[in-house]
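Visitor: Quick one: the structure is below, and I'll ask about it shortly.
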Ligand SMILES: [Zn+2]
C-alpha cells in the first residue's frame with residue numbers, strides 16, 4: 001500500500017494473520033519426500049529400465065491481492081446486497097458489469113456515473129454445463145448465463161439456478177444474493193421468474209432431437225455425480241426449487 005492510502009474498512013486481518021504464521025514457520029520449505037521407481041527414459045524400445053527418483057513435497061500458497069480500482073463500488077455493492085452499474089452521462093449507455101469509462105468510441109473514454117439497478121433482467125445467452133473444471137464438478141449440472149439487467153445495455157455473466165431444460169434466450173430472471181458474500185460475482189445468481197413457458201422459437205425447446213440429446217447427456221452427468229460424490233438426482237433437483245420466490 002502506498003503512503004497516500006488509508007484503510008477505511010479491514011476485513012482481511014484474519015487471513016493475513018494466518019499467512020504470517022505460514023511465513024513464520026517457513027512453511028514452503030520441503031516437508032517430506034518420496035522415493036519412487038519409474039521409467040528411466042532415454043531408452044530404446046526393448047531396452048527399457050527403471051530408476052529411482054526423489055520427489056519432494058512442499059506447500060506452496062499464494063495470497064493474491066489486487067485492487068478492483070474504479071469498479072470497486074460494484075463489488076462492495078454485492079456485499080451490501082445491491083446491484084450497481086455505471087451510466088455514461090454523454091450517450092446514456094448503462095454498463096453492468098460496471099465500467100469506469102464509456103466504451104462508445106465517440107464518447108472518448110468519458111468517465112461514467114454510478115447507478116443502482118434492479119435485481120431483475122432477462123437471459124441474453126447461456127451455456128448448459130454438463131462437465132466442468134475440478135472445482136465446480138459437485139455443482140454440475142449448471143447453467144451459466146449472460147443476463148441483461150433491466151436498464152443496462154450490456155450483459156452480466158452469472159449462474160442461472162434452474163434445470164438445464166428450463167432456460168431460454170429472453171427468459172425473465174430475478175437476481176438473488178447469497179447469504180454469505182465475499183464481494184465476487186459468485187455472490188449472486190439468477191432464478192427464472194416463475195410461470196414462464198419457453199417461446200416457440202427457443203431452439204432447444206423447438207428441436208425435439210436437441211432436447212433428447214440434452215436429456216441423454218444429463219443422465220450421464222447424474223451417473224457421474226452419484227458415482228463420484230454420492231449426489232443423487234433428487235439432491236440436484238432440490239437446488240432448482242425457486243429459492244426465495
Ligand atoms: Zn458514452
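Bear in mind that the values in this text are calculations on the coordinates, not laboratory data. Keep in mind the model is a prediction, meaning the values are calculated, not measured. Glycine also receives a Cβ, built like all others from the backbone with ideal geometry; neighbour counts cover every protein chain displayed.
Visitor: Just 39, 164, 111 to compare: in a GNM of the chain, with alpha carbon springs under 10 Å, which one fluctuates most?
Guide: It is 39.
Visitor: So what's the back-of-envelope 222 nm ellipticity for the chain, counting only DSSP H runs of four-plus at -39500 (n - 2.57) apiece and dividing by all residues, rounded to 500?
Guide: Rounded to the nearest 500, it is -6500 deg cm²/dmol.
Visitor: While we're here: Hey, how many Å between the Cα centroid of the stretch 1-74 and the Cα centroid of the stretch 137-153?
Guide: That distance is 32 Å.
Visitor: Using label points projected 7 Å from each Cα along Cα→Cβ, tell me how many nm separate residue 127 and residue 91, to one decimal.
Guide: Distance between label points: 2.7 nm.
Visitor: Fewest to most neighbouring Cβ within 10 Å: what's the order for 19, 201?
Guide: 201, 19
Visitor: Sorted by average packing, counted as other Cβ atoms within 10 angstrom per residue and highest first, what order do 179-188, 124-133, 78-87 take?
Guide: My ranking of the peptides, most packed first, is 78-87, 124-133, 179-188.
Visitor: Counting alpha carbon pairs within less than 8 Å and at least 6 residues apart, what relative contact order, in whole percent, applies to the stretch 69-117?
Guide: Result for the stretch 69-117 is 37 percent.
Visitor: Once R0 is set to 35 Å, what does the formula 1/(1 + (r/R0)^6) return for the Cβ-Cβ distance between residue 233 and residue 120, expressed as a FRET efficiency to the nearest 0.05?
Guide: 0.70
Visitor: In whole percent, what relative contact order does the chain give with Cα contacts below 8 Å and a gap of six or more residues?
Guide: RCO, the chain: 13 percent.
Visitor: With the alpha-carbon atoms as the only input, what is the per residue convex hull volume for the stretch 1-117 in Å³?
Guide: Dividing the Cα hull volume of the stretch 1-117 by its residues yields 270 Å³.
Visitor: Sticking with this one: Order these by the 10 Å Cβ neighbour count, fewest first: 91, 107.
Guide: Fewest-to-most Cβ neighbours within 10 Å comes out as 91, 107.
Visitor: List 112, 93 from most exposed to least, where exposure is judged by having the fewest other Cβ atoms within 10 Å.
Guide: 93, 112
Visitor: Please report the relative contact order for the stretch 13-57, taking Cα pairs under 8 Å with a sequence separation of at least 6, and give it as a percent rounded to a whole number.
Guide: With pairs under 8 Å counted, the relative contact order is 37 percent.
Visitor: Separation between the residue 3 and residue 212 pseudo-spin-labels, each 7 Å from Cα along Cα→Cβ, expressed in nm?
Guide: Calculated label separation equals 7.4 nm.
Visitor: What whole-number volume per residue, in cubic angstrom, does the convex hull of the C-alpha atoms of the stretch 13-57 give?
Guide: So the per-residue Cα hull volume is 88 Å³.
Visitor: In 10 Å bins starting at zero, report the fraction of Cα pairs in the stretch 113-245 per bin as a rounded %.
Guide: Percent of pairs per bin, in order: 12, 40, 36, 11, 1, 0.
Visitor: While we're looking at this one, here's another question. With viscosity set to 1.002 mPa s at 20 °C, what whole-number translational diffusion coefficient in µm²/s follows for the stretch 69-117 from Stokes-Einstein and a Kirkwood radius over Cα pairs?
Guide: Estimated diffusion coefficient is 201 µm²/s.
Visitor: If the elastic network links every pair of Cα atoms under 10 Å, which of 115, 55, 173 fluctuates the most in the Gaussian network model of the chain?
Guide: Most flexible of the set in this elastic network: 55.
Visitor: Kindly give Rg over Rh for the chain, based on alpha-carbon atoms, with the Kirkwood expression for the hydrodynamic radius.
Guide: Looking at the chain, the ratio lands at 1.09.
Visitor: Same structure, new question: Using a 7 Å offset from the Cα along the Cα-to-Cβ direction at both residue 49 and residue 113, what is the distance between the two label points in nm, to one decimal?
Guide: Placing both labels 7 Å along Cα→Cβ, they lie 7.9 nm apart.
Visitor: Of 57, 95, 189, which is the most mobile in a GNM of the chain whose springs link Cα atoms less than 10 angstrom apart?
Guide: Looking only at 57, 95, 189, the largest GNM fluctuation is found for 57.
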